[in-house]
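Taking it in order: structure first as structure tokens, then the write-up.
The values are calculated or read from the model by the stated rules, or taken from the named source; none is laboratory data. If you're wondering where the values come from, they're calculated on a predicted model, not measured in any experiment. So basically every Cβ, Gly included, is an ideal-geometry build from the backbone, and we count neighbours across all protein chains shown. Side chains are part of the model used for accessible areas, which takes the heavy atoms of the whole protein and leaves out ligands, DNA and RNA. Shrake-Rupley method; radii C 1.70, N 1.55, O 1.52, S 1.80 Å.
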Amino acid sequence: MLVLVLTFLGFIAFQAFLKKYTPQPPVAQTQNQPAPTQTAAATPAPVMSASAAVIPNTVTKQGSAETETVIENDLYRITFTNRGAQVKSWILKEFDNDAQNGLLDLVNPAAAQKFGYPLSLWTYDEAVRNRLNSALYVLSETRPADPLAESIDRVTVTSAKGELAGQTLKAPASISFEYSDSDVSVHKTYKFDHSYVVEMQTTVEQKGATVTAFPMWPAGFGDQTKGSDYAASQIAYQYDSKVERLAIKKVSSGGTLQGPFHWAGIEDQWFAAVFIPQDPQSAAMVTLRNTIEIPHDASDRNNKQVDKVEILGTAVGSLRGLTADRLYIGPKALEELEKIPVPGITGAEPDLRAVVDFGWLGIIARPLFLWLKWTHDHIVRNWGWAIVLQTLIINLALLPLRLSQMKSMLKMQRVAPQIKAIQEKYKKYSLRDPRKAEMNQEVSALYKKEGVNPAGGCLPLLIQMPFLFAYYRMLGVAIDLRHASWGWVHDLSAPDPWHILPIAIVVTMFFMQRLTPQAAMDPAQQKMMNIMMPVMLGYISLNLAAGLCLYWSMGNLIGLVQQAVMNRTALGREMREMMEKRARKKDK
């Protein structure tokens with residue numbers, strides 16, 4: 001159990017070490033690079049077509065008043081405004097909000113007011129950018145994808161200009177926004193179907209020259225209500241089999257990541273805004289990083305304390321002018337992401353499954369999740385009980401390893417007196433003395449004679465470790481557990497509000513320590529470990545997800561029963577007798 005705990009803590013420390021000290025993709029270089037792992041902070045000049053002539057635009061298209069258009073399907077309800085031809089609200093119908101009773105709006109209202117709304121445009125000229133995102137566009141076209149479908153629920157025609165306003169469309173459908181004056185001309189088209197994917201095309205021209213303008217998701221997500229929610233944000237992108245993820249500290253605001261990309265965007269723990277360029281070779285991404293103040297405790301209106309947090313955004317488009325992207329806005333649900341084809345990917349599955357980060361043990365974590373989901377869908381329709389059932393099966397499958405470990409420990413204890421005698425024989429020699437090597441030779445010969453494998457006690461634990469780490473990772477990315485209830489726990493992805501599961505971890509581990517034979521340990525040390533180890537791990541588990549604590553405590557409980565049964569076998573009795581005999585010798 002000590003090896004198990006230390007390995008678990010070592011794993012957490014190693015993850016932090018990797019993030020802090022291992023090389024990360026650079027985020028600010030002055031030259032353009034062809035690979036997606038390189039960046040360029042230089043500001044590209046507006047792209048001009050070879051045949052473009054600088055001719056002022058004499059036709060103007062401008063809205064007379066701000067209006068809204070709603071697009072709706074079974075998954076979302078998107079509210080567009082013609083001011084900037086951008087999104088004011090992006091409600092997901094299958095997910096509720098942490099902070100309020102209602103459906104989740106993926107638009108972060110406080111951040112969007114300061115840093116821009118989704119599907120606004122990024123240009124390297126700030127004056128042009130502000131102008132494009134504040135102008136009143138004309139909703140020039142609205143039509144259903146199926147002409148026979150009655151998709152337009154409400155149409156209001158405004159003044160003599162014939163502008164459309166106040167529409168509600170049901171997907172499949174498409175809408176177009178246009179704006180032009182004597183200097184710039186903008187065209188935006190969006191197409192919607194029954195999935196989370198939106199197709200879009202954008203073009204911007206200034207005095208007849210094509211301007212580099214990227215659609216953006218500039219300011220995080222609406223599910224971010226606490227500092228930890230913002231800290232989970234990162235920028236991610238993929239080209240072929242290579243997936244890169246940039247934490248907040250690795251992102252430079254306004255920096256440009258040169259493509260090619262098969263997809264790129266931002267994500268937090270549960271949701272993602274991913275751009276899928278039609279032309280990966282000409283794609284580029286601008287990274288956005290800003291600071292915002294949020295209430296320290298949103299549930300307490302009398303608490304005026306605020307926290308400063310950093311919020312990420314991104315803009316993805318083509319450096320060649322016309323930007324044609326597909327945009328996935330929705331949950332990081334594996335079954336949904338695997339439905340979204342991404343043509344051209346080689347060396348990996350041609351879809352968006354890589355958006356869900358199962359970590360370096362994904363080869364185990366992903367099958368564990370699929371198994372857990374199958375258990376939930378076909379056996380027990382509750383995620384908590386599905387975890388309990390899966391934990392039982394895993395521990396039963398690992399029972400032979402526990403027995404193997406116990407046998408190996410027994411063999412080691414049998415030869416322990418002889419090993420100690422050999423060590424006493426050579427203890428007068430320093431480690432640098434060549435005669436010290438003779439001690440190792442004698443110990444190896446004794447192991448060979450008695451059939452002892454020194455690594456036999458650790459090998460079963462090493463086999464079990466990947467399952468524990470993979471389960472830890474899997475539960476951290478499984479959006480299916482978000483707001484999933486079990487008993488008194490209302491959200492298996494959040495800490496247990498009553499701390500019952502962490503307490504169960506402490507209690508089960510305490511009895512596990514008492515039942516597990518530890519013949520090689522001094523009684524005083526054993527007594528300290530029986531108390532300190534459970535308390536320490538119980539403290540660590542206070543802020544872990546309730547789903548993980550459920551897996552951990554149930555694993556301890558099952559292991560406790562298994563150990564109690566094994567202690568009644570001949571093998572267990574022999575180990576306990578050996579332990580008691582050694583304790584009596586030390587007392588003398």
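Details
- In region 128-182, the residues that are in a strand (DSSP E or B), modelled with pLDDT of 75 or more, under 30 Å from residue 208 (Cβ atoms) and not aliphatic (A, V, I, L, M): 140, 174, 176, 177, 178, 179, 180
- Residues located in region 437-464, provided they are open to solvent by less than 30 Å² (accessible area, probe 1.4 Å) and at pLDDT below 80: 452, 456, 457, 460, 461
- Only a single criterion out of (1) in a loop (DSSP other than H, G, I, E, B); (2) open to solvent by less than 40 Å² (accessible area, probe 1.4 Å) is not satisfied by residue 80, namely (1).
- Restricted to region 231-292, the set of strands (runs of 3 or more DSSP E) holding at least 2 residues that are in contact (Cβ under 8 Å) with a residue 12 or more places away in the chain, open to solvent by less than 10 Å² (accessible area, probe 1.4 Å) and within 24 Å of residue 307 (Cβ to Cβ) comprises 263-267, 271-277.
- Residues of region 248-271 include at least one that is within 24 Å of residue 103 (Cβ to Cβ), of a type in the set (A, V, I, L, M) and within 20 Å of the chain's Cα centre (by Cα).
- Top-ranked residue of region 295-326 - restricted to ones that are at pLDDT below 90 and in a strand (DSSP E or B), ranked as surrounded by the most Cβ atoms within 10 Å (Cβ to Cβ): 295
- Flag if residue 267 is charged (D, E, K, R), touching a helix residue (DSSP H, G or I) at 6+ places or on another chain (Cβ under 9 Å) and within 26 Å of residue 346 (Cβ to Cβ): yes
- Selection count, region 221-242, where residues are closer than 19 Å to residue 345 by Cα and among the charged types (D, E, K, R): 2
- Lone unmet requirement of (1) acidic (Asp, Glu); (2) under 27 Å from the mean Cα position of the chain (by Cα); (3) surrounded by 13 or more Cβ atoms within 10 Å (Cβ to Cβ) for residue 377: (3)
- Every test in (1) open to solvent by less than 40 Å² (accessible area, probe 1.4 Å); (2) at pLDDT 80 or above is passed by residue 468 save one, and that test is (2).
- Some residue of region 334-342 being in a loop (DSSP other than H, G, I, E, B), in contact with a Pro (Cβ under 8 Å, 6 or more places away or on another chain) and open to solvent by less than 10 Å² (accessible area, probe 1.4 Å): yes
- Yes/no for residue 220 being in a strand (DSSP E or B), of a type in the set (Gly, Ala, Ser) and closer than 26 Å to residue 111 by Cα: no
- Close pairs (8 angstrom Cβ cut-off, 6 or more residues apart or separate chains): among the acidic types (Asp, Glu) in region 71-94, modelled with pLDDT of 95 or more and open to solvent by less than 10 Å² (accessible area, probe 1.4 Å) anywhere: 72/78; 94/331
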